[in-house]
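Worksheet: the structure to be examined is printed underneath.
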Amino acid sequence: MERREGAWRVLPLEGTFEIVYEDGQGAWSARRLQARELKLGPGRTLLGGIDRGRGGYRGFRVDRIRRLTDGATGQRLEAGILDLLLARAEAQRRERAAQARRAARSRRRAAPRHAA
C-alpha cells in the first residue's frame, strides 16, 4: 500500500533487479536487489530493497543507477530507468487492486444468504 514518510511518497515495488550503481565517490559496483519500494522525495528518488550481495536493506539513488536489468524479463536499460520503475509500481498497484476486488466478490458470493 502506498504511504507517506514525511516529505517522501513510498510506492510498493516488487521485482529482482541487477543494477550497476555509481556511488557518491564515483566508484561503480554491480548489485542484485530484491526490490521492496520506490521512494519519491524532494530532489531524489530511491529504489529500496534487499541487497543480495551485501545483505540487508539498502536504498539506491535512481539517478546513480547506470544500468538496470530486470531479473524476470531480462530487459536491460541504461536510460529511462525511473520511467520503467514508476510504470512497474503503477502496474503492480493496479494488479493488487484488481485482486482485492476479485477476492471481495468471491467472499460476497460465498457468504450465506438469509431467507426473508
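The values are calculated or read from the model by the stated rules, or taken from the named source; none is laboratory data. For clarity, every value in this text was computed on a predicted model and none was experimentally measured. FYI the Cβ positions are ideal-geometry reconstructions off the backbone, even for glycines, and counts take in every protein chain you see.
Worth a mention:
- In the range 1-21, of all residues being of a type in the set (Asp, Glu) and in a strand (DSSP E or B), the one that is surrounded by the fewest Cβ atoms within 10 Å (Cβ to Cβ) corresponds to GLU5.
- Test: residue in the range 68-84 that is surrounded by fewer than 12 Cβ atoms within 10 Å (Cβ to Cβ) and either in contact with a Ser or Thr (Cβ under 6 Å, 6 or more places away or on another chain) or among the aromatic types (Phe, Trp, Tyr) (or both): yes
- One residue stands out among those in the range 22-70 that are part of a loop (DSSP other than H, G, I, E, B) and among the small types (Gly, Ala, Ser): the one that is nearest to ALA7 (Cα to Cα), which is GLY43.
Residue-wise test of (1) loosely packed, with under 15 Cβ neighbours inside 10 Å; (2) over 15 Å from LEU82 (Cβ atoms); (3) of a type in the set (Asp, Glu); (4) more than 13 Å from the chain's Cα centre (by Cα).
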position	(1), (2), (3), (4)
ASP23	yes, yes, yes, yes
SER29	yes, yes, no, yes
LEU38	no, no, no, no
GLY49	no, yes, no, no
ASP63	yes, no, yes, yes
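- The residues in the range 71-86 that are part of a loop (DSSP other than H, G, I, E, B) and not polar (S, T, N, Q) can be counted, and the count is 6.
- Residue within the range 51-60 that is within 17 Å of VAL10 (Cα to Cα) and either modelled with pLDDT under 95 or not aromatic (Phe, Trp, Tyr) (or both) present: yes
Yes/no matrix, rows are residues, columns are (1) under 29 Å from GLN99 (Cα atoms); (2) in contact with a Phe, Trp or Tyr (Cβ under 8 Å, 6 or more places away or on another chain):
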residue	(1), (2)
ILE19	no, yes
ARG32	yes, yes
ALA35	yes, yes
LEU38	yes, no
GLY41	yes, yes
THR45	yes, no
GLY55	no, no
GLY71	yes, yes
ASP83	yes, no
